[in-house]
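Engineer: Dumping the structure here so I can ask a few things about it.
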Amino acid sequence: MKYILRKLLPLIITLFIVSLLAVLAFQVIPGSPATSMLGTNATPEKVAQLEEEMGLDDPVLVRYGRWVADFVQGDWGESYSYNLPVKDMVLEKLPATAALVLLAFAITVAASFPLGIATARREGSRLDRIITVVNQICMSIPPVFVGILLCFVFGITLRVFVPGNFVSFADSPGQFFLYMLFPALAVALSRMAMTVKMLRSSILDEMNKDYIRTAFSRGRTRVDALKKHALRNAMIPVIAFLAVTAAELVAGSIVVEQVFAVPGIGRLLLASIGSRDFPVAQAVVVLLAVWVVVVNFIADILYQYMDPRVRIQ
């Protein structure tokens with residue numbers, strides 16, 4: 001419990017720093033929300049008047065303090081473009097992105113573990129060489145290009161789904177998961193290849209250590225030594241890598257959502273930046289930061305559980 005409490009304080013500080021950087025970053029973006037709302041033909045006097053009404057003429061730190069105080073109380077502000085509560089807009093788009101990220105993470109774990117273990121068991125075999133080559137190809141292709149290929153092959157050619165025709169979970173759960181499968185594959189493919197490569201390298205490194213040779217001397221087969229001794233130790237660095245993967249899947253989904261027209265927070269973020277709708281953009285950035293720090297916090301706890309050699313101090 002002391003360890004968890006000590007970890008929580010840096011996480012809170014991190015979130016405050018990220019939110020401050022988000023506010024400062026939006027200050028250097030050319031253009032003003034007031035200009036976007038009034039149009040380019042608006043006079044400077046009208047723009048200045050609207051900025052005063054919106055509080056945009058206050059110092060940055062004053063606006064940041066006001067925004068943080070409202071945010072922690074559940075008031076995320078109001079959208080400049082739609083005149084709607086930001087909280088309602090974000091929470092409406094969040095389920096689609098959450099489903100995309102969770103499905104992509106599940107695909108990454110479910111596919112990379114068997115492939116990584118299989119290549120480590122058959123080091124130097126034809127299967128190992130084939131998977132290694134495929135991994136290199138998958139790691140070199142960006143998710144957005146994979147998404148375009150999937151749309152062309154499965155959407156236009158095979159007509160498994162209709163690109164751009166998103167089906168919500170409420171309308172049809174089956175069609176929803178069928179449609180989300182392809183953007184999830186686009187996001188997960190490169191991370192899955194990296195996980196396979198890392199797991200393979202970690203297992204082979206453990207199999208060459210002294211305690212594995214001791215297991216061989218006691219009559220253990222290679223498969224038994226891998227399952228009962230090497231695999232658990234090989235998983236320790238992979239857990240940290242999967243935490244980074246879970247965080248980066250969100251970043252990958254932001255672009256892929258544009259390709260497949262998924263109404264998630266990625267599309268909302270890009271649209272809000274383009275329209276200078278800073279309250280929406282700031283809320284989305286903070287939510288992404290919360291996801292990253294929480295995932296890494298869980299990874300730290302799992303790291304302690306998996307490796308008893310690591311002490312809290």
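Engineer: Counting only residues that are basic (K, R) and within 20 Å of F16 (Cβ to Cβ), which one in segment 35-78 is most open to solvent (accessible area, probe 1.4 Å)?
Structural biologist: R66
Engineer: May I pose another question? Among the listed residues S32, S81, which satisfies the condition of being touching an Asp or Glu at 6+ places or on another chain (Cβ under 8 Å) and open to solvent by 50 Å² or more (accessible area, probe 1.4 Å)? So that I can check it myself, show each step before the final result.
Structural biologist: Numbers: S32 fails: open to solvent by 50 Å² or more (accessible area, probe 1.4 Å).
Answer to the check: S81.
Conditions tested, residue by residue: (1) open to solvent by 10 Å² or more (accessible area, probe 1.4 Å); (2) without any contact (Cβ under 8 Å) to a residue 24 or more places away in the chain; (3) in a helix (DSSP H, G or I).
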position	(1), (2), (3)
R159	yes, yes, no
P163	yes, no, no
V167	yes, yes, no
A170	yes, yes, no
L181	yes, no, yes
R191	yes, no, yes
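Engineer: Between F145, F152, which is loosely packed, with under 13 Cβ neighbours inside 10 Å, within 30 Å of A22 (Cβ to Cβ) and among the aromatic types (F, W, Y)?
Structural biologist: Result of the check over F145, F152: F145.
Engineer: Kindly state which helices (runs of 4 or more DSSP H) lie completely within segment 208-291 and contain at least 1 residues that are under 21 Å from the mean Cα position of the chain (by Cα).
Structural biologist: Filter on segment 208-291 gives 231-260, 265-274.
Engineer: Could we say that T14 is surrounded by 14 or more Cβ atoms within 10 Å (Cβ to Cβ), over 20 Å from A289 (Cα atoms) and among the β-branched types (V, I, T) here?
Structural biologist: Spelling it out, it is not the case that T14 is surrounded by 14 or more Cβ atoms within 10 Å (Cβ to Cβ), over 20 Å from A289 (Cα atoms) and among the β-branched types (V, I, T).
Engineer: Residues of segment 106-129 being open to solvent by 40 Å² or more (accessible area, probe 1.4 Å), more than 16 Å from M198 (Cα to Cα) and not small (G, A, S), which ones?
Structural biologist: Result: R126, L127.
Engineer: Across segment 9-43, what is the number of residues that are within 19 Å of L287 (Cβ to Cβ) and in contact (Cβ under 8 Å) with a residue 40 or more places away in the chain?
Structural biologist: Going through segment 9-43 one residue at a time, the tally reaches 10.
Engineer: Here's a follow-up. When segment 220-252 is examined, which residues are found to be of a type outside the set (K, R), open to solvent by 60 Å² or more (accessible area, probe 1.4 Å) and either over 30 Å from V284 (Cβ atoms) or at pLDDT 85 or above (or both)?
Structural biologist: T221, H229
Engineer: Looking only at segment 59-116, how many residues end up being of a type in the set (V, I, T) and either modelled with pLDDT of 90 or more or under 21 Å from the mean Cα position of the chain (by Cα) (or both)?
Structural biologist: Count: 7.
Listed here are the residues, each with its yes/no results for (1) over 20 Å from D277 (Cβ atoms); (2) part of a loop (DSSP other than H, G, I, E, B); (3) not hydrophobic (A, V, I, L, M, F, W, C).
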| position | (1), (2), (3) |
| --- | --- |
| L5 | yes, no, no |
| V18 | no, no, no |
| L21 | no, no, no |
| L24 | no, no, no |
| E45 | yes, no, yes |
| E51 | no, no, yes |
| V62 | yes, no, no |
| D70 | no, no, yes |
| G74 | no, yes, yes |
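Engineer: State yes or no: is I107 hydrophobic (A, V, I, L, M, F, W, C), part of a helix (DSSP H, G or I) and within 22 Å of R200 (Cβ to Cβ)?
Structural biologist: Yes.
The values are calculated or read from the model by the stated rules, or taken from the named source; none is laboratory data. Keep in mind that this is a model prediction, so the values were computed, not measured. Heads up, the Cβs are rebuilt from the backbone with ideal geometry, glycines too, and the neighbour counts pull from every protein chain shown. The accessibility values were calculated without ligands, DNA or RNA, using every heavy atom of the protein model including side chains. Shrake-Rupley method; radii C 1.70, N 1.55, O 1.52, S 1.80 Å.
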